[in-house]
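Participant: Please read through the structure below; I'll follow up with questions.
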Amino acid sequence: MLRYIARRLLLTVPLLVGISLISFLMMHMAPGGPIGAGTDMNPKATAESRARLQAYYGLDQPLHVQYGRWLGRMATLDFGDSFSPDGRPVAEKIKERIPITLTINVLSMGLIFLVAVPVGVYSAVRRGSLFDRISTVAVFTGFAIPTFWLALLMMILFGVKLGWLPISGISSMDFDSLGTLGKIADRGRHLVLPVLLAGFGGLAGMSRYMRSNMLEVIRQDYIATARAKGLPERTVVFRHAMRNALLPVITILGLSVPDLLGGSVIFETIFAIPGMGQLFYQGVMSRDYPLIMGILTIGAFLTLLGNLLADVGYALADPRIRQG
Amino acid sequence: MGRDFAHRLLRNRLAAAGGAVILFFFLVSALPGLFASHEPNRIDIVNILRPPSAAHPLGTDDLGRDVLARVVHGARVSLKVGFVAVGIATALGLLVGLLSGFYGGWVDAVLMRFVDMMLCFPTFFLILSVIAFLEPSIWNIMAVIGLTGWMGVARLVRAETLSIKERDFVAAARAQGAGDARIIFRHVLPNTLAPILVAATLGVAGAILTESALSFLGIGVQPPTPSWGNILTAGKDNIEYAWWLSLFPGLAILVTVLGYNLLGEGIRDAADPRLKGR
């Protein structure tokens with residue numbers, strides 16, 4: 001097992017290098033370049049002072065030297081300072097925003113798993129039943145609904161018309177005056193809609209996926225064997241079929257990281273949640289290049305981590321993989 | 001493929017319904033005047049945020065513009081973005097996939113590692129970053145969605161090519177003296193068309209969703225040009241007073257995307273009946 005993990009880790013090294021290369025080149029594509037933003041509009045900036053700044057930031061060096069230095073800074077999570085008025089280090093800004101984004105995404109992954117697996121299994125076992133047909137329609141609709149639109153509708157229904165749930169931020173005005181339990185309840189109420197919506201996109205895909213896995217497994221010979229032995233249907237479905245159908249789901253959960261991260265930009269903006277997605281959106285709107293590149297790199301890193309966890313999880317669950 | 005394929009496709013009621021929806025929106029984009037009598041950009045300060053009525057079947061927005069007219073004219077934007085973006089993605093994916101699968105070796109290794117790297121970036125992050133560097137405009141949106149969406153097609157085409165190039169008819173063509181280009185374009189490419197068509201149809205749906213999300217966030221199609229996404233932005237700004245601004249453009253997106261998805265699934269089933277219902 002350890003050897004498998006080591007080999008898998010080794011495979012990610014060239015990918016990491018590739019990601020950093022693409023990020024670096026993209027940053028160099030940026031119009032104006034890093035100096036331009038500070039000096040283009042400044043009438044006092046002479047050609048000489050510009051050259052001095054270029055030298056100061058190492059921009060007069062050949063590209064590969066610059067890349068090497070940049071890589072060194074990336075390795076220590078030094079993404080430079082934000083262009084925004086506060087001018088704080090990008091790494092610091094991301095660090096304070098990332099927990100809320102990860103919390104919401106982990107919760108919604110849990111939700112996806114808890115809902116999609118039973119729905120998929122039941123649809124497959126009762127293929128063609130009313131439940132199967134309704135869930136199929138629901139899945140297709142789910143694929144086609146723009147999440148941000150659903151968010152708007154839910155805000156109108158639960159926030160504006162019914163007034164059950166708050167529609168903005170992650171805590172109420174009186175948050176600090178609440179007791180511990182009150183704080184938890186308040187935070188929970190604020191997170192209901194975002195978590196539901198973050199998970200929504202994955203829900204349809206995952207239950208469809210689970211259904212087709214189940215259908216595939218049920219056709220296998222060992223299921224026929226289990227039935228022929230006279231095992232109760234319940235045991236056949238849950239012990240023999242579902243456990244095998246669940247294996248690829250681990251992979252899909254790991255692969256869903258980039259979609260969840262991308263989605264967080266949308267729902268964090270809609271619900272005014274101070275997470276990494278909202279920070280990224282603000283960065284894009286104000287052309288805060290260091291911030292954009294920092295979050296892009298972190299996003300790629302998290303995706304890579306998701307893939308890695310998926311592979312390791314799969315290997316843990318399926319002995320055929322780690323020996324192969 | 002051929003007549004048998006068309007027959008199976010038309011017999012699939014869901015796929016036919018999807019096709020009908022797509023045709024309907026083609027018609028709407030081609031002849032917007034037939035479906036909306038108002039001008040999409042005519043501001044009417046007297047009639048701001050009016051609920052649906054006989055004069056304005058879908059109500060008016062925060063500048064008094066007719067929502068029906070804006071939704072109808074927005075159809076053209078969605079269609080254009082969907083098709084151009086998918087065109088770019090499919091062309092690139094085909095090129096990379098064919099080269100990679102046909103030549104193998106280091107060409108394959110380099111191209112596929114590049115695909116792996118591209119797939120590591122959350123697509124929406126990548127699109128947003130590139131848009132931040134460029135100006136948000138409909139052309140940039142199409143290009144960026146296309147340039148970040150070709151990896152799936154490339155993998156698909158590569159896999160198909162790998163199996164097709166080992167078939168006997170390719171060996172026969174080679175024996176008759178056909179060159180690489182002829183084999184790739186006359187023998188391999190036509191046999192990858194079915195899965196590509198499926199991927200492209202589903203891709204249009206994805207591109208329309210992405211465009212609407214970008215326009216909703218204010219970094220896609222810029223007002224006053226109407227797009228389903230940027231009408232929804234006004235819906236969000238007036239969420240407490242005007243539900244119709246949020247409801248109708250979203251419905252248009254939902255129905256269109258559903259149409260492409262159903263047609264795509266239908267094409268898949270018709271091309272390979274063994275996969276039906278999976």
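Just so you know, all these numbers are worked out from the coordinates, no wet-lab data involved. No experiment lies behind these values; they were computed from the predicted model shown. Positions of Cβ are generated from backbone atoms using ideal geometry, with glycine treated the same way; all protein chains shown enter the neighbour counts.
Participant: Say each of B:Phe169 and A:Tyr222 gets a label point 7 Å from the Cα, pointing the same way as Cα to Cβ; how far apart are those two points in nm?
Facilitator: Placing both labels 7 Å beyond Cα along the Cβ direction yields 3.9 nm.
Participant: Under 5 Å between amide H atoms, partner at least 5 residues away or on a different chain: which partners does A:Ile273 have, H built in plane at 1.01 Å?
Facilitator: Counting only residues 5 or more places away or on other chains, the set is A:Gly169.
Participant: Could you line up A:Thr303, A:Thr76 from fewest to most neighbouring Cβ atoms inside 10 Å?
Facilitator: By the 10 Å Cβ count, ascending: A:Thr76, A:Thr303.
Participant: Okay, next question. Report the normalised scattering of region B:198-278 as log10 I(q)/I(0) at q = 0.12, 0.16, 0.17 Å⁻¹, calculated by the Debye formula with identical scatterers on the alpha carbons.
Facilitator: -0.44, -0.65, -0.69
Participant: Please work out the C-alpha center-to-center distance from region A:11-25 to region A:228-256 and express it in whole Å.
Facilitator: 37
Participant: Give the long-range amide H neighbours of A:Asp81: residues separated by 5 or more places, or on another chain, with amide H under 5 Å away, using H modelled in the peptide plane at 1.01 Å from N.
Facilitator: A:Val90
Participant: Hey, in the GNM for chain B with a 10 angstrom Cα cutoff, which one of B:Thr148, B:Thr123, B:Thr90 fluctuates hardest?
Facilitator: B:Thr123
Participant: Please report, in whole Å³, the volume per residue of the convex hull around the C-alpha atoms of chain B.
Facilitator: Dividing the Cα hull volume of chain B by its residue count gives 155 Å³.
Participant: Magnitude of the Cβ-charge dipole of region B:121-258, K/R +1 and D/E -1, about the Cα centre, nearest 20 debye?
Facilitator: About 580 debye.
Participant: Still on this structure, I have one more. Cα to Cα, under 12 Å, and not fewer than 8 places away if on the same chain: which aspartates and glutamates meet these conditions relative to B:Lys80?
Facilitator: Partners within reach: B:Glu211.
Participant: So, how do all the Cα-to-Cα distances of region A:205-312 break down into 10 Å bins, in percent, from 0 on up?
Facilitator: 13, 29, 22, 16, 12, 6, 1
Participant: Normalised by the residues of region A:115-221, what does the relative contact order come to in percent, with Cα pairs under 8 Å and at least six apart?
Facilitator: Dividing the mean separation by the residue count of region A:115-221 yields 49 percent.
Participant: Something else about it: Sort A:Ser129, A:Ser82 so that the residue with the fewest other Cβ atoms within 10 Å of its own Cβ comes first and the one with the most comes last.
Facilitator: Least crowded to most crowded, the residues run A:Ser129, A:Ser82.
Participant: Also, I was wondering about something else. Quick one: in chain A, what % of C-alpha pairs are over 23 Å apart?
Facilitator: In whole percent, the long-distance tail amounts to 68.
Participant: What is the P(r) of region B:1-95, as percent of Cα-Cα pairs per 5 Å bin from 0?
Facilitator: P(r) over region B:1-95, rounded to whole percents: 3, 12, 14, 14, 14, 15, 10, 7, 6, 4, 2, 0.
Participant: Of B:Val21, B:Val81, B:Val204, which is the most mobile in a GNM of chain B whose springs link Cα atoms less than 10 angstrom apart?
Facilitator: Of B:Val21, B:Val81, B:Val204, the Gaussian network model singles out B:Val21 as fluctuating most.
Participant: Over region B:150-278, what is the relative contact order in percent, taking alpha-carbon pairs closer than 8 angstrom and at least six residues apart?
Facilitator: This gives 22 percent for region B:150-278.
Participant: Still on this structure, I have one more. Semi-axes of the equivalent ellipsoid of region A:164-243: what are they in whole Å, largest first, if each equals the square root of 5 times a C-alpha gyration tensor eigenvalue?
Facilitator: The answer is 46, 16, 7 Å, longest axis first.
Participant: In addition: List, largest first, the extents of the alpha carbons of region A:83-235 along their principal axes, each in whole Å.
Facilitator: 69, 39, 34
Participant: Now for a different question. Under the Karplus relation 6.51 cos²θ - 1.76 cosθ + 1.60, θ = phi - 60°, what is the ordered set of whole-Hz ³J(HN,Hα) values for region B:63-75, x standing for Gly and Pro?
Facilitator: Residue by residue, region B:63-75 yields 10, x, 7, 6, 5, 4, 4, 5, 5, 4, 6, x, 4 Hz.
Participant: For chain B, what relative contact order do you get, as a whole percent, if you take Cα pairs closer than 8 Å and at least 6 residues apart?
Facilitator: The value is 27 percent.
Participant: Follow-up question, since we're still on this one. Within a 10 angstrom radius of the beta carbon, how do A:Leu2, A:Leu193, A:Leu247 rank from fewest other beta carbons to most?
Facilitator: A:Leu2, A:Leu247, A:Leu193
Participant: Checking the cross-link filter: which aspartates and glutamates have an alpha carbon closer than 19 Å to that of A:Lys95, excluding same-chain neighbours under 8 positions apart?
Facilitator: Within reach: A:Asp78, A:Asp81, A:Asp86, A:Glu268, A:Asp288.
Participant: Another question, if that's okay. Sticking to Cα atoms, compute the Rg of the protein assembly as shown to one decimal and its Dmax as the biggest Cα-Cα distance, whole number, in Å.
Facilitator: When restricted to Cα atoms, the protein assembly as shown yields Rg and Dmax of 26.0, 88 Å.
Participant: I've got another one for you. In whole Å, what is the distance between the alpha-carbon centres of region B:222-254 and region A:191-219?
Facilitator: 28
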